[in-house]
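J.: A single structure is presented below for examination.
The values are calculated or read from the model by the stated rules, or taken from the named source; none is laboratory data. Given the structure is predicted, the values throughout are model-derived calculations rather than measurements. We place every Cβ from the backbone using ideal geometry, glycine too, and count neighbours over all the protein chains shown. Each accessible area value is taken on the protein alone, full model and side chains, heavy atoms only, with ligands, DNA and RNA left out. Shrake-Rupley method; radii C 1.70, N 1.55, O 1.52, S 1.80 Å.
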Amino acid sequence: MSATTKTPTVPEGRTVSQTSAVTRLLGDRRLPVLVTAALFLAMYITGLSRYQNYGFGEPQVFLNLFIDNGYLLVAAVGATFVIMSGGIDLSVGSVIGFTTMFTAWMVERQGLPLLLVIPLALGVGAFGGFLMGYVIHNFEIQPFIVTLAGLFLFRGLCLVISKESISISDSSVSSLAQAQAQLGFGFLSIGAIVALVVLAVAFYVLHYTRFGRRVYAIGGNEQSALLMGLPLGGTKIAVYTVSGFCSALAGLLFMLYIQSGDPLHAVGMELDAIAAVVIGGTLLTGGSGYVLGTLFGVLVLGLIKSIIQFEGTLSSWWTKIATGVLLCAFILIQRAMTARKKS
């Protein structure tokens, strides 16, 4: 009996070469990142042409994207590790808010020096992420549930510290907040520089270390990673520890940005971080993505805010609307890519 071969069907109006080209394009893991980069470039060029007389083309306007969104970039980098591993972290915004409250309370109410409070705040954030990762792995509970509990826990701790906002008048905080690195054509704040350093470290870790390869492997196929003998538990716990550390660091940068602590700071920022990661091309199912894509995702969200500010006639709520539209579009791109891989 002769075996029958299945002839691939070609959509009407397309040649075989056109269909194979589309298949190769959708199968390219770099496609979402390239789409995000092209989107950012198109938006920036549109802003240059529309608001040229309002100073949109000034180099400092571009640098302000890093200054105004440095804390979001750090939080999104931490979320990238988690999503890349196939998980999710909903506690990001609450950890950021708690860090601002914890730092403000320690510096203003307890009189501790900022240099002592910073490692304490980072340690609390990292330990919170470690606990969530430990519970997720050892008790086999869905990350959504565990990190949702972390969201309520850290937000509640904010209110335990104080129900009112705490302004920070410490001179060391003011000095750090106002410090600038001159670049000749503009300047960057300390927060922006820290965010870029975190991005560079994350890029190296994810793409050039064993830990990074384990994160990709576990996100791609957890059972296969387990059969290959990869340390599944340790890697899972580590990615949530990284996310907790990055969230606490983002909280410190946010505290420098606004120089206060408030129990309602960063409400919903975990959704902004997740949106930036997804728009940057990281698959929600894990195993595919680039940390540089997260950078472009954050820049796109920041550029939307800048364009709305330059327009002057649009409500700030249009930022959320535009983010929602982009998020849906990139989820559809991801769906098309995964469908092509399965077929």
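J.: When you go through GLY86, GLY128 one by one, which is the residue that is assigned to a loop (DSSP other than H, G, I, E, B), touching a helix residue (DSSP H, G or I) at 6+ places or on another chain (Cβ under 6 Å) and farther than 17 Å from GLN259 by Cβ?
T.: GLY86 is the lone residue from the list that is assigned to a loop (DSSP other than H, G, I, E, B), touching a helix residue (DSSP H, G or I) at 6+ places or on another chain (Cβ under 6 Å) and farther than 17 Å from GLN259 by Cβ.
J.: Also, I was wondering about something else. Restricting attention to segment 246-263, does a residue exist that is touching a Phe, Trp or Tyr at 6+ places or on another chain (Cβ under 9 Å), within 17 Å of MET84 (Cβ to Cβ) and not hydroxyl-bearing (Ser, Thr, Tyr)?
T.: yes
J.: Still on this structure, please answer the following. Given the options LEU256, LEU249, name the one that is under 22 Å from LEU120 (Cβ atoms), in a helix (DSSP H, G or I) and at pLDDT below 95.
T.: Going through LEU256, LEU249 in turn, the sole match is LEU256.
J.: Confirm whether GLN110 is farther than 25 Å from MET255 by Cβ and either open to solvent by less than 50 Å² (accessible area, probe 1.4 Å) or out of contact with any helix residue (DSSP H, G or I) (no Cβ under 8 Å at 6 or more places or on another chain) (or both).
T.: Considered against the rule, which asks whether it is farther than 25 Å from MET255 by Cβ and either open to solvent by less than 50 Å² (accessible area, probe 1.4 Å) or out of contact with any helix residue (DSSP H, G or I) (no Cβ under 8 Å at 6 or more places or on another chain) (or both), GLN110 comes out as no.
J.: Let me ask another. Residue check, ALA75 against (1) modelled with pLDDT of 95 or more; (2) open to solvent by 10 Å² or more (accessible area, probe 1.4 Å), all met but one. Which one?
T.: (2)
J.: Return the only residue of LEU39, LEU34, LEU122 being surrounded by fewer than 21 Cβ atoms within 10 Å (Cβ to Cβ), at pLDDT below 95 and under 27 Å from VAL215 (Cα atoms).
T.: Just a single option satisfies the conditions, and that option is LEU34.
J.: While we're looking at this one, here's another question. Could you grab me the full set of residues in segment 139-194 that are closer than 26 Å to GLN110 by Cα, in a helix (DSSP H, G or I), of a type outside the set (Ser, Thr, Tyr) and open to solvent by 60 Å² or more (accessible area, probe 1.4 Å)?
T.: Across segment 139-194, the qualifying residues are PHE152, LEU153, LEU157, LEU159, VAL160, LEU176, GLN178.
J.: Please find, among LEU283, LEU271, LEU303, the residue that is in a helix (DSSP H, G or I) and open to solvent by less than 20 Å² (accessible area, probe 1.4 Å).
T.: LEU303
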